[in-house]
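Before any comments, here is the structure.
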Amino acid sequence: PGCWGYDLAHHHNYEEMQEVIHQVHEECPDITYIYNLEGPPDKTVQGRSLTVIVFSDNPDQHEVEEPEFKYVGNMHGNEVVGREMLLKLIVYMCEQYKNQDPMITRLIELTRIHILVSMNPDGWEEANSSTDRNKVSYGTIGRTNGAGVDLNRDFPDLDKIVYSNEKKRDGKNNHLGKTWDDIPKNKYQPETLMIVKWILDNPFVLSANLHGGSLVANYPYDMSRDEKVQHGAYADTPDDRTFRYLALSYSTNH
């Protein structure tokens, strides 16, 4: 048991997750801000909110030249480690800021950190309510959202867009630059659309999406340029050295 009865060994359901998020805000109101992702739609398939808590010295506003970060957990509903790690992180950051920890204080003063503990609360509830633990463990129950869609396969394929642009020599290395009105709303799931709008509305410089079940750090580009290569070939981005550094830093410490 930890702060305010928080128990790291306990898997928190949707209501308990929301309670922890709001308790953290009550304990640290000056450095946190809570909001729900919007679409429309503004809810998951089963009507739950995607709630974000922000940490910063001015948490409710973007400051010029202050980097914006985002962390996302539980994209696959039955992968719970990232969800619990992010819950623990928000409790830890609040506690350590109140304890005047220099590293946490520096992070909060110099950056703005958005934390979405669960991107797929519907899938979590399905996995948690199942009596077939083997199917949950091997990814067949709760992995998808309430409509049975794998959210990790529901976004535009950045790699193909980049490689196509390279052949055209127009230099574009992303699919952004679009507006919310450009997004075909009937093509994607509610959770996906809320994340897309979130990205379009905020100048994030770096993100982390925490999965579970395998030991791997995956970053752009994760598909070889030549689809004919059986096992793929490594495709580096202009930021390859940065991604490698970040992946090594994370894996070394975890």
Going through segment 4-23 in order, the residues found to be in a helix (DSSP H, G or I) and surrounded by 15 or more Cβ atoms within 10 Å (Cβ to Cβ) are TYR14, MET17, GLN18, GLU19, VAL20, ILE21, GLN23
Surrounded by fewer than 16 Cβ atoms within 10 Å (Cβ to Cβ) and not aliphatic (A, V, I, L, M), is that true of GLU26?
yes
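Here are some residues: ILE53, ILE104, ILE115, ILE108. Which one is open to solvent by less than 10 Å² (accessible area, probe 1.4 Å), out of contact with any His (no Cβ under 9 Å at 6 or more places or on another chain), assigned to a strand (DSSP E or B) and of a type in the set (Val, Ile, Thr)?
Numbers: ILE53 fails: out of contact with any His (no Cβ under 9 Å at 6 or more places or on another chain); ILE104 fails: assigned to a strand (DSSP E or B); ILE108 fails: assigned to a strand (DSSP E or B).
Only one candidate qualifies: ILE115.
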Restricted to segment 59-92 and to residues being under 16 Å from GLU27 (Cα atoms) and without any contact (Cβ under 8 Å) to a residue 60 or more places away in the chain, the residue surrounded by the fewest Cβ atoms within 10 Å (Cβ to Cβ) is TYR92
What about TYR35, is it free of Cβ contacts under 8 Å to residues at least 60 places away in the same chain and either charged (D, E, K, R) or in a helix (DSSP H, G or I) (or both)?
no
Do we find a residue being out of contact with any Pro (no Cβ under 8 Å at 6 or more places or on another chain) and over 30 Å from THR140 (Cα atoms) anywhere in segment 42-52?
no
Starting from residues that are open to solvent by 80 Å² or more (accessible area, probe 1.4 Å) and at pLDDT 85 or above, keep the ones in segment 216-231 and report whichever is nearest to ILE199 (Cα to Cα).
ASN218
When (1) more than 30 Å from VAL64 (Cβ to Cβ); (2) outside any loop (DSSP other than H, G, I, E, B); (3) among the hydrophobic types (A, V, I, L, M, F, W, C) are applied to MET223, the one that fails is (2)
If the Cβ limit is 7 Å and pairs must be 6+ apart or interchain, which residue in segment 1-22 that is of a type in the set (Val, Ile, Thr) and modelled with pLDDT of 85 or more pairs with which residue that is open to solvent by less than 70 Å² (accessible area, probe 1.4 Å) and part of a loop (DSSP other than H, G, I, E, B)?
VAL20/TYR6; VAL20/HIS12; ILE21/VAL117
Picking from VAL229, VAL205, VAL162, VAL196, which residue would you name as being under 15 Å from the mean Cα position of the chain (by Cα) and farther than 24 Å from GLU79 by Cα?
VAL205
Near pairs, Cβ below 6 angstrom, 6+ apart or cross-chain, from segment 225-254 (touching a residue at least 60 places away in the same chain (Cβ under 8 Å)) to any residue that is open to solvent by less than 80 Å² (accessible area, probe 1.4 Å) and not β-branched (Val, Ile, Thr):
ARG225/TYR163; ARG225/ALA235; ALA235/TYR221; ALA235/SER224; THR237/PRO220; THR237/TYR221
Positions within segment 148-165 being assigned to a loop (DSSP other than H, G, I, E, B) and loosely packed, with under 15 Cβ neighbours inside 10 Å, in sequence order
GLY148, PHE155, ASP157
Would you call GLY142 modelled with pLDDT of 85 or more, farther than 30 Å from LEU248 by Cβ, open to solvent by less than 70 Å² (accessible area, probe 1.4 Å) and not in a helix (DSSP H, G or I)?
yes
For segment 45-66, the count of residues that are of a type in the set (Asp, Glu) and under 28 Å from TYR14 (Cβ atoms) equals 1
Spot the failing condition for VAL45; the list is (1) in contact with a Gly (Cβ under 6 Å, 6 or more places away or on another chain); (2) assigned to a helix (DSSP H, G or I); (3) surrounded by fewer than 21 Cβ atoms within 10 Å (Cβ to Cβ), and only one is missed.
(2)
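The values are calculated or read from the model by the stated rules, or taken from the named source; none is laboratory data. Keep in mind the model is a prediction, meaning the values are calculated, not measured. Heads up, the Cβs are rebuilt from the backbone with ideal geometry, glycines too, and the neighbour counts pull from every protein chain shown. Heads up: the accessible areas ignore ligands, DNA and RNA and are worked out on the full protein's heavy atoms, side chains in. Shrake-Rupley method; radii C 1.70, N 1.55, O 1.52, S 1.80 Å.
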